[in-house]
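Structure first, commentary second.
The values are calculated or read from the model by the stated rules, or taken from the named source; none is laboratory data. This structure is a prediction, so every number in the text was calculated from the model and none was measured. So basically every Cβ, Gly included, is an ideal-geometry build from the backbone, and we count neighbours across all protein chains shown. Note: accessible area is taken over every heavy atom of the protein model, side chains too, but ligands, DNA and RNA are not part of it. Shrake-Rupley method; radii C 1.70, N 1.55, O 1.52, S 1.80 Å.
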Amino acid sequence: MASGDVEDFIEQNRQLADSVEAFRSISESDKHWKSRREFILRNINDYEDPHLDHLLALSMVWANNVFLGCRYSADILEKARVMAEGIVVEDAPVFKTRDEIMQQQRK
């Protein structure tokens with residue numbers, strides 16, 4: 001779903017989009033929320049109640065990894081990455097591990 005496609009989807013599915021807005025955290029920036037909302041909307045049909053919490057958790061895993069550099073188990077992170085395939089995040093931060101920084105300084 002391209003950015004324009006997401007906006008079209010939201011316009012055509014206003015009730016669903018409004019219910020998804022309730023999942024936004026008060027601390028999320030517009031950029032962070034826009035990407036996480038797209039993640040949720042792309043996958044919501046696969047996670048109807050009572051499994052919606054699982055989708056929301058995976059959306060946070062993906063967003064926290066992309067925007068904050070948080071690490072998770074390889075299996076969980078891979079699942080979130082597959083679910084987010086095609087979501088374009090502009091100006092996403094790049095994170096380096098301590099080991100990568102130390103290795104770079106040794107050169």
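Listed values, structure above:
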{"read-out": "Looking only at segment 25-51, and only at residues there that are modelled with pLDDT of 85 or more, outside any helix (DSSP H, G or I) and closer than 18 Å to residue 80 by Cα, the one that is most open to solvent (accessible area, probe 1.4 Å)", "value": "51"}
{"read-out": "All positions within segment 35-45 that are of a type outside the set (Ser, Thr, Tyr) and touching a helix residue (DSSP H, G or I) at 6+ places or on another chain (Cβ under 8 Å)", "value": "36, 37, 38, 39, 40, 41, 42, 43, 44"}
{"read-out": "Residue within segment 85-105 that is under 19 Å from residue 5 (Cα atoms), of a type in the set (S, T, N, Q) and assigned to a helix (DSSP H, G or I) present", "value": "no"}
{"read-out": "Meets criteria (open to solvent by less than 30 Å² (accessible area, probe 1.4 Å) and in contact (Cβ under 8 Å) with a residue 12 or more places away in the chain) for residue 95", "value": "no"}
{"read-out": "Residue list for segment 63-80, filter: farther than 19 Å from residue 96 by Cβ and either surrounded by 14 or more Cβ atoms within 10 Å (Cβ to Cβ) or touching a Lys or Arg at 6+ places or on another chain (Cβ under 7 Å) (or both)", "value": "63, 76, 79, 80"}
